[in-house]
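This report refers to the structure that appears directly beneath it.
Just so you know, all these numbers are worked out from the coordinates, no wet-lab data involved. Note that this is a predicted model, so its numbers are computed, not measured. Here the Cβ positions follow ideal geometry from the backbone for every residue, glycine too, while neighbour counts run over all protein chains shown.
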Amino acid sequence: MADPIIARTLAETAGLRASPAGDDSAALAIYAGRTGKDIFVIEREGIRLSANNRFIANRDVACLRLHTPKGDPADRTLLLDLDSGEQIRLPIDGGDATSFDIFPIHAFLRRRIHQARRSVRSPLRYG
C-alpha cells in the first residue's frame, strides 16, 4: 500500500480492510461493521456508501463529528454535515477490548477532508 496514512489506519482498525483493487484504484479501504456487512468505502477523493453506492466528496463535508455515547458500541457513529445541509450518519461499531475503530477512521477522514477543503479555501468546521 503506497499511502502510509491509510496503511497505519488499516493497522489500527479491526473493521477496515485494504481494497482488493490495489494502489491504482480510487478505493483505498473498505469498512465493515461487526456484522461483517460493508458500510462504506474510503476512496482517494471521498467515501462511497455501500448501501446505495452514493459518493460523498471530501470537499463537500463541512463538518465531521464523533457521536460516541456510552454503552452499546453499535451506537457509535461519525456524523458528516454536508455543505448542502444534509447530514450523513456512518455507523462505526467495530474495535476490540482496548480500542474502537471510530477514532482512527475519524482521524484519517478529518485529515483528508481538511486537505480537500483547504484546496478550495473552505475550512472544515469542528463540531
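A few notes on this one:
- About its Cα centre, the chain has a charge dipole of approximately 400 debye under the convention of +1 per Lys or Arg Cβ and -1 per Asp or Glu Cβ, with nothing else charged.
- Tensor-based shape of segment 33-76 (alpha-carbon gyration tensor, a/c under 1.5 rounded, otherwise prolate or oblate): oblate
- Sequence-ordered 3J(HN,Hα) estimates for segment 40-45 from the Karplus curve with 6.51, -1.76 and 1.60 and θ = phi - 60° stand at 7, 10, 8, 10, 4, 10 Hz, glycine and proline given as x.
- Annotation: amide H-H contacts under 5 Å for Arg76 (H modelled 1.01 Å from N, sequence separation of 5 or more, or interchain): Ile92.
- Translational diffusion coefficient (Stokes-Einstein; Kirkwood radius from C-alpha pairs) of segment 4-122 at 25 °C, 0.890 mPa s, in µm²/s: 170
- The chain: antiparallel DSSP beta bridges as a percent of all, rounded to 5: 95
- Taking amide H positions as modeled 1.01 Å from N, with prolines and chain starts lacking one, the residues under 5 Å from Gly46 and 5 or more places away or on another chain are Asn58.
- Contact order normalised by residue count of the chain, Cα under 8 Å, 6+ apart, percent: 21
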